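What follows is a single structure, written as structure tokens, with notes after it.
The values are calculated or read from the model by the stated rules, or taken from the named source; none is laboratory data. As the structure is a prediction and not an experimental result, all values here were calculated from the model. Glycine gets a Cβ as well: all are built from the backbone with ideal geometry, and neighbour counts include every protein chain shown. We work out accessible area using only protein heavy atoms, side chains counted, and drop any ligands, DNA or RNA first. Shrake-Rupley method; radii C 1.70, N 1.55, O 1.52, S 1.80 Å.
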Amino acid sequence: MRRVVTAALAAAAVLGPAAAPAAASAGADGGIGPGSYRPEPWRAWVQEEWTAPAGRYCSFPLQVRVVSQDVRVRVVARYGDGAVRREEFAGPLVVDFVNGATGQSVRRDAGGSGAADYRPDGSWRRYTIVGPAGFGFRPEDRYPRGYYLLDGVHVIAFDADGTRRMAVEVGREENVCRSLGDAS
């Protein structure tokens with residue numbers, strides 16, 4: 001129970017207006033301010049299967065195969081020029097993570113929810129996860145390399161150059177590369 005309350009409080013602190021509708025403008029730093037929460041209708045979103053080359057997240061090629069999904073997305077805030085400022089993602093998603101070198105696989109529930117915040121140029125600013133959900137860190141990022149299943153509240157911040165870092169981690173992190181035999 002304590003973990004649920006802690007996660008709920010952390011989510012409310014991180015998501016701010018996305019967690020509760022408010023009724024006008026963005027903050028000076030490009031954040032979501034009071035009145036800018038105007039969700040558009042939910043629409044279907046498809047998680048495509050993909051393969052990351054060896055060295056990006058794991059020492060082997062990592063494949064993600066979708067087992068089942070019913071993910072949806074909606075825009076909740078836009079910049080004055082109409083560009084998307086924040087999107088929310090939610091819905092069930094089950095995937096198999098596969099070691100492309102050995103064929104070993106693990107099945108995981110990755111159907112949490114998330115909020116993606118973008119800069120005016122369309123680049124990622126922040127991704128907030130209320131897991132479980134997956135996210136990868138590369139060798140040049142400021143978090144240990146791996147592809148993680150994040151359960152709880154996690155916030156990944158993106159520097160202007162695209163470098164990723166874990167800004168908030170409340171909950172559990174499973175590095176699926178290690179679960180699939182990666183020693184590094």
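Before moving on, here are some points about what is shown:
- Ser68 accessible area, 1.4 Å probe, all protein chains in place, Å² to nearest 10: 60 Å²
- Cα gyration tensor shape of the stretch 123-184, rounded if a/c is under 1.5, else prolate or oblate by comparing a/b with b/c: oblate
- Label point 7 Å beyond Cα of Val67 along Cβ direction - residues of the stretch 98-113 with amide nitrogen under 13 Å: 98, 105-111
- Of the whole protein surface, Thr51 contributes about 80 Å² of accessible area at a 1.4 Å probe radius.
- A straight chain from Asp109 to Arg172 at 0.36 nm per residue would run longer than the Cα-Cα distance by 21.3 nm.
- With the simple model of a label 7 Å out from the Cα in the direction of the Cβ, Ala160 to Arg38 spans 2.9 nm.
- Rounded if a/c under 1.5, otherwise prolate or oblate - the stretch 50-184, Cα gyration tensor axes: prolate
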